[in-house]
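One structure is given below, encoded as structure tokens.
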Amino acid sequence: MHKVDVLLGLQWGDEGKGKIVDVLTPSYDVIARFQGGPNAGHSLEFSSIKHILHTIPSGIFHDEKVNLIGNGVVIDPVVFKKEVDSLESLGVKVSENLLISRKAHLILPSHRILDAASEASKGDTKIGSTLKGIGPAYMDKTGRNGLRVGDIMLPGFLEKYRFLTGKHMEILRQYNYKDDPENYEKDWFDGTDKMRAFKFIDSEYYIDTLLKDNRKILAEGAQGTLLDIDFGSYPYVTSSNTICAGACTGLGIAPSKIGEVMGIFKAYCTRVGGGPFPTELTDKTGDLLREQGKEFGSTTGRPRRCGWLDLPALKYSIMINGVTQLIITKADVLTGIDTIKICTAYRHEGEITGHLPFDSSGKVEPVYKEFRGWKKDISAIRNCRDLPSEFNEYISYIEKETGVPVTMISLGPDRSAAVFPDKG
Ligand code: GDP
Ligand code: IMO
Ligand code: MG
């Protein structure tokens, strides 16, 4: 029997998950998103199409594959409808190929307003949320107040909606925040009407049946390990479990049914929003990475903070997820930089440590190892043998330090831009 493979980000999100899932989809029968919501922006490029997905799994462009939105995802019907409409206009067969867990929670207009009110009240300490209502929606889920996809089909849906919105209005009054959910209600209910056309399922039963039929499933994560609600740089995190365990709770898979864990990381680091970032570069090199890497948010357009690769953080992510294969993206962005650095440890309160500190508010200083850069344009390389020796040294060092093999190297945004070290 096959097990479920998991693909997830090892940094602060935007590692290139969308692109890599798209590349891997031909080897799977089903692609299943397990957490997060429209805060995610997963980009795919092929045949001069560039597309950004927020809620819908990144296997959707492959006609014959099933895509599943799991119970761990929070769905904004407005964003969902826009995504479906835009995919349908490209001729993608969305309604035939997309299933939704009836246990997934809904983001209401008032969740989005609450997100904005909460951020506004925090001033300088704001999280830098994407303001998609993620935090408030997950709060209602764990607070046992939430509305779920399956509720759309049940009598009393409108009453439940009104009751929850009423609760939110009281909180908004305390924030003294002025915006009215009624302004967004028509679009929201249009979105739920759109959702009715889809097949709602129980993903736990569905996946169990697939595994018994020896079908192959890839679980797609959103965000990254360092944004995990438990293990990320709290409180500068998102509100879900972005780690491998999140695939179990976000789809209904027993831990013993998890197979390969593919961890994606950029050849450097980026972060959007607030929170600690030990290797952040606020100098010209940081600007260069942002420009060469086109590091602007897929969901919000915000410039991403950029810095060198952080090995203690990468090792931490590998540990917490049980990563069995590494996938490196955006190494092409480092081309032309004379000296590339990797942070190998932190100097924290006078000590050298490889551990992420509990409170890293500005006091962590990275210790760097330097590597010779490469001049040759590597973006068109499609055979590992053609990679420059300096590049191979960089990869070998990461493999040696982490003890995990790099099984795919992505060298550009397009579907075709990847090499596979095992296969040459
Ligand atoms: P995700 O959220 O993890 O799916 O990543 P995003 O789509 O938000 O951000 C990754 C960005 O890098 C997108 O614009 C991709 O098209 C682009 N990208 C992905 N892989 C590569 C790569 O290997 N090289 C370059 N230059 N760009 C890449
Ligand atoms: P993908 O799936 C990068 C960040 C936000 C903010 C924090 C909390 O594209 O990798 P939230 O909206 O969840 O309340 O924001 O998390 N964040 C992301 N950063 N990529 C993402 O998703 C992100 N989703 C949320 O910038 O700092
Ligand atoms: Mg993204």
Can you tell me which residue in segment 334-347 is farthest from ligand 3 (Cβ to nearest atom), limited to those that are open to solvent by 10 Å² or more (accessible area, probe 1.4 Å) and touching an Asp or Glu at 6+ places or on another chain (Cβ under 9 Å)? Arg347
Taking Ser89, is it touching a residue at least 60 places away in the same chain (Cβ under 8 Å) and either at negative phi or out of contact with any Pro (no Cβ under 9 Å at 6 or more places or on another chain) (or both)? no
Keeping to segment 382-403, report how many residues are buried (at least 20 other Cβ atoms within 10 Å of the Cβ) and assigned to a loop (DSSP other than H, G, I, E, B). 1
Subset of segment 320-333 [over 18 Å from the mean Cα position of the chain (by Cα) and surrounded by fewer than 21 Cβ atoms within 10 Å (Cβ to Cβ)]: Thr324
May I ask you to verify whether Gly273 is within 16 Å of ligand 1 (Cβ to nearest atom) and open to solvent by less than 60 Å² (accessible area, probe 1.4 Å)? yes
Members of segment 187-244 found to be of a type in the set (Lys, Arg) and in contact with a Phe, Trp or Tyr (Cβ under 8 Å, 6 or more places away or on another chain), listed by number: Lys194, Lys216
I need the full set of residues from segment 89-107 which are under 24 Å from Tyr205 (Cα atoms), open to solvent by less than 10 Å² (accessible area, probe 1.4 Å) and either assigned to a loop (DSSP other than H, G, I, E, B) or of a type in the set (D, E, K, R) (or both), in order please. Ala104
Going by the structure shown, is Ile342 within 15 Å of ligand 1 (Cβ to nearest atom), out of contact with any Pro (no Cβ under 7 Å at 6 or more places or on another chain) and either farther than 30 Å from Tyr236 by Cα or not hydroxyl-bearing (Ser, Thr, Tyr) (or both)? no
Among the residues of segment 355-371, what is the count of those that are assigned to a loop (DSSP other than H, G, I, E, B), open to solvent by 70 Å² or more (accessible area, probe 1.4 Å) and modelled with pLDDT of 90 or more? 1
Among the listed residues Val30, Val79, identify the single one that is touching a residue at least 40 places away in the same chain (Cβ under 8 Å), within 16 Å of ligand 3 (Cβ to nearest atom), surrounded by fewer than 24 Cβ atoms within 10 Å (Cβ to Cβ) and not hydroxyl-bearing (Ser, Thr, Tyr). Val79
Leu24 passes all but one of (1) more than 12 Å from ligand 3 (Cβ to nearest atom); (2) open to solvent by less than 10 Å² (accessible area, probe 1.4 Å); which number fails? (2)
Is it true that some residue in segment 257-265 is of a type in the set (Asp, Glu), open to solvent by 20 Å² or more (accessible area, probe 1.4 Å) and within 21 Å of Lys126 (Cα to Cα)? no
Does Phe46 satisfy being crowded, with 24+ Cβ neighbours inside 10 Å, in contact (Cβ under 8 Å) with a residue 40 or more places away in the chain and away from ligand 3 (no atom under 11 Å from the Cβ)? no
Counting residues that are more than 14 Å from ligand 2 (Cβ to nearest atom) and aliphatic (A, V, I, L, M), which strands (runs of 3 or more DSSP E) fully inside segment 241-308 reach at least 2? 258-266
Per the list (1) farther than 19 Å from Ala197 by Cα; (2) surrounded by fewer than 20 Cβ atoms within 10 Å (Cβ to Cβ), residue check on Asp63 breaks on (1)
What is the residue count in segment 185-227 for residues that are assigned to a loop (DSSP other than H, G, I, E, B) and either in contact (Cβ under 8 Å) with a residue 40 or more places away in the chain or touching a Leu at 6+ places or on another chain (Cβ under 9 Å) (or both)? 10
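Within the bounds of segment 290-306, is there any residue that is within 16 Å of ligand 3 (Cβ to nearest atom), open to solvent by 20 Å² or more (accessible area, probe 1.4 Å) and under 24 Å from Glu390 (Cβ atoms)?
Yes; the residues of segment 290-306 include at least one that is within 16 Å of ligand 3 (Cβ to nearest atom), open to solvent by 20 Å² or more (accessible area, probe 1.4 Å) and under 24 Å from Glu390 (Cβ atoms).
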Looking at Gly13, Gly70 in this structure, which one is more than 13 Å from ligand 1 (Cβ to nearest atom) and surrounded by 24 or more Cβ atoms within 10 Å (Cβ to Cβ)? Gly70
Enumerate the strands (runs of 3 or more DSSP E) found wholly within segment 19-88, keeping only those where 3 or more residues are of a type in the set (A, V, I, L, M, F, W, C). 30-33, 49-53, 66-69
Looking at segment 229-248, which of the residues that are touching a residue at least 24 places away in the same chain (Cβ under 8 Å) and within 20 Å of Thr324 (Cα to Cα) is farthest from the chain's Cα centre (by Cα)? Phe231
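For segment 311-327, state whether one or more residues are touching a Lys or Arg at 6+ places or on another chain (Cβ under 7 Å) and more than 13 Å from ligand 2 (Cβ to nearest atom).
If we filter segment 311-327 for residues that are touching a Lys or Arg at 6+ places or on another chain (Cβ under 7 Å), which is where we start, we get none.
Taking every residue of segment 311-327 in turn, none turns out to be touching a Lys or Arg at 6+ places or on another chain (Cβ under 7 Å) and more than 13 Å from ligand 2 (Cβ to nearest atom).
The values are calculated or read from the model by the stated rules, or taken from the named source; none is laboratory data. As the structure is a prediction and not an experimental result, all values here were calculated from the model. Because the Cβ atoms are built from the backbone with ideal geometry, glycine has one as well, and the counts that use them run over all protein chains shown. When the accessible area is computed, the model is the full protein with side chains, heavy atoms only, and any ligands, DNA or RNA have been set aside. Shrake-Rupley method; radii C 1.70, N 1.55, O 1.52, S 1.80 Å.
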